[in-house]
Amino acid sequence: MVGALTTGLLCAAGLAAPATAAPAQDPVAAPALADGLALTPPMGFNNWNSTHCRADFDEAMVKGIADLFVDKGLKDAGYRYVNLDDCWALPNRDANGKLVPDPARFPNGIKAVADYVHAKGLKLGIYTSAGTKTCNSAGFPGALGHEYSDARQFADWGVDYLKYDNCNNLGVDAKQRYRTMRDALRATGRSIVYSICEWGENKPWEWAADDGQLWRTTGDISDSWGSMVSILKQNLPLAPYAGPGHWNDPDMLEVGNGGMTDTEYRSHYSLWSVMAAPLLIGTDLRKASPATFDILDNKEVVAVDQDPLGKQGTVVSSAGGRWVVAKEMKDGSRAVALFNESGTAQRIATTAGAVGLPDAPAYTLRDLWQHRSYNTAGTLAATVPAHGTVLLRVAADPDWAANPPAAELGLDGSPFVEAGTPATLTTAVTDLGRTAARQVSVSLTGPEGWTVRPTSAATAAALATGKSLRTGWSVTAPAGTPTGSYALIVQASYRSPSGQRVTGALPLTASVVLPPPSGTSYASDLPWLSATNGWGPVERDTSNGESAAGDGHPITIGGTTYAKGLGVHAESAVEFYTGGRCSAVTARVGLDDETGTRGTVAFEIWADGRKAASTGVLTHATPARAVSADVTGAQVVRLVATDGGDGIDYDHADWADPKLTC
């Protein structure tokens, strides 16, 4: 467990790891099973992320999810499996050693539920563990030593999918445990998709392709930005091991569970799809918002995940948190994710050639979230909002000219505004297409009461390929405007050569800020621009603690207690406005003693887009490490804690005595 210790081109919707994250030599994976199962990544539902073992996980829920698959069009989009996770059984087997469904949750038994699901044209999945007990603390019976009996029960009930977990395994060799259940499932004669859930501990991507159809590559996901990004980083380098019938599984979807924004959930869904990951809905669809259904039912994005070629996307570039991930498609096109890991809007750009497309006069570019098609001369670019993803499908298409030219909207200049003082910004509309954009106009709007006026031309008769309309703007927030984030919207309009009117908008964020105080201040006493954390909120002057705000403990590293600091959990980033007025950041850093003997973290200090200092990976045995950085001239200082490359479990980290000199 993570636990306490444990835009289209006309609209906007890094990982610190290197772009060359793939293994140095292409691995030779074990041969995939020739059983015809899971030739594309499994799609469906699993209750765990939304219910855990709560009482509302029951027969009515499972049937209700099956109904919604049909009623909401999710079945038509490709979702098939309705999967039960832990807590479906009684804590003890019967006198014959058989598993017993909990009669309070499933009064009619599992077969009746399977029959209901099958009648909808769907499939049923179930859960157990390759140990003596499952992972829940209540201790439901696991399958170790009962593999053939349990597999037979599952087959007799009509189960179509087995998630096989890794708890209470008595130290028995993982390959032996998982292959025994593989043989037991095969012996039933029933086609059952086999999901190997040993958390990537024994590198199953190297050996499990002849055992199951998918294998977990990481620890459990949680409903947070930091967790999702950490898992993304671990799964991306494993692309060579994935293919039809054998998939890397970075865990279930958190879309709709409330711990991230809709922008972040679109990134989550886009990135899982471009990684050809299983798409298992983890939210209770009976309570889901229209925005959640819009994400989960985007058939153009589903088609990226379900492409029959079965390629997992690979990293093209990742500098500065500006990620480009490209996936080869069976029809020769490429799905391209432009993903902004950072907390501020960034321009992300690549080319058709860089993502593997052949030379061509022009290309058709399809924005899969905006459902619009354009032509491009070869540049793929967008200003992507913080934590956003633009997902494109690009092809060397002889009919490219039927589409209007793609146009990129951008904003230059600092998005930070000191109330009562004019800020200078510049918008840009750039023609990326092979054809000209005509009658181009642009506007910038801010909140009610703000003064926004152009200082240069906001129209152009025409823009040729690669040319831009750049417009200066003076933006003033009224004196006394409270600090915080405010919406700015760049809007553009132009005509294609055929006369088609194209419009679009780029929503951005302006931050009303206060200049940093003169002298030396503790970071924990200053307002921050943004704070993301892998588990719970960032805490001021205490450790990260549990998952709720204010539940931390005194910051303690190596037995030394510090009164001031920031308690975080990797992946974490805390940003401060420095406005070019600060010169230095100092701190002592390390894993908090509450992690015991677990966890690995690396600390970084960033000055705007420059990494100004880094500690390398620290463990529980590392005493508090002094870190300092020259941040002269930076508008923003960012304090980052990464997961050390092995996931975020137990990664409670401390910035002790962090000081800014301004």
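Size estimate for segment 446-561 follows the Kirkwood approach: the inverse of mean 1/r over distinct Cα pairs works out to 19.2 Å. Were the residues from ARG438 through LYS72 laid out at 0.36 nm apart, the gain over their Cα-Cα distance would be 127.7 nm. Computing FRET efficiency as 1/(1 + (r/R0)^6) for ALA464 and LEU514, where r is the C-beta to C-beta distance and R0 is 35 Å, gives about 0.20. Spin-label model, ALA621 to SER498: label points 7 Å out along the Cα-to-beta-carbon direction sit 6.7 nm apart. Kirkwood-type hydrodynamic radius, segment 520-661: 14.4 Å, calculated from all non-identical alpha-carbon pairs. Put simply, the amide H of PHE140, placed in the peptide plane, has neighbours under 5 Å in THR134, leaving out anything fewer than 5 places away on its chain. Provide the FRET efficiency to the nearest 0.05 for the LEU90-THR451 pair, computing r from the beta carbons and using R0 = 51 Å. It comes to 0.15. Using the average count of surrounding beta-carbon atoms within 10 Å as a protection proxy, the listed peptides 601-607, 178-184 rank, highest first, as 601-607, 178-184. Think of it as helices only: each DSSP H run of n ≥ 4 in the chain is worth -39500 (n - 2.57), and spread over all residues that comes to -4000 deg cm²/dmol at 222 nm.
Close amide H pairs (under 5 Å, H built 1.01 Å from N) link ALA462 with GLN439, VAL440, residues at least 5 positions away or on another chain. In plain terms, the chain from ALA60 to ASP294 could stretch by 81.8 nm, reckoned as 0.36 nm per residue minus the Cα-Cα distance. Label positions at ASP35 and SER191, each projected 7 Å from the Cα along the C-beta direction, are separated by 1.1 nm. Ordering 362-375, 549-562 by mean Cβ neighbour count within 10 Å, with the highest value first, yields 362-375, 549-562. Modelled spin-label separation between CYS53 and ALA479, with each label point placed 7 Å from Cα along the Cα-to-Cβ direction: 6.2 nm. Specify whether the C-alpha gyration tensor of segment 610-662 places it in the rounded, prolate or oblate class, a ≥ b ≥ c being the square roots of the eigenvalues: rounded for a/c under 1.5, otherwise prolate if a/b is larger than b/c and oblate if not. Judged from the Cα gyration tensor, segment 610-662 comes out prolate (a/c at least 1.5, a/b above b/c). Applying 1/(1 + (r/R0)^6) with R0 = 51 Å to the Cβ-Cβ distance of ASP412 and ARG598 gives a FRET efficiency near 0.70. Taking every DSSP beta bridge that has both ends in the chain, the antiparallel portion is near 80%.
Among 636-648, 468-480, the peptide with the highest mean count of other Cβ atoms within 10 Å heads the list, and the full ranking is 636-648, 468-480. Using bins of 5 Å that start at zero, the share of Cα-Cα pairs per bin across segment 313-402 amounts to 3, 16, 27, 26, 17, 8, 3, 0, in whole %.
Since every read-out is calculated from the coordinates, none of them should be taken as a lab result. Computed from a predicted model, the values in this text were never measured in an experiment. Please note: Cβ atoms are built from the backbone with ideal geometry, for glycine as well, and neighbour counts cover all protein chains shown.
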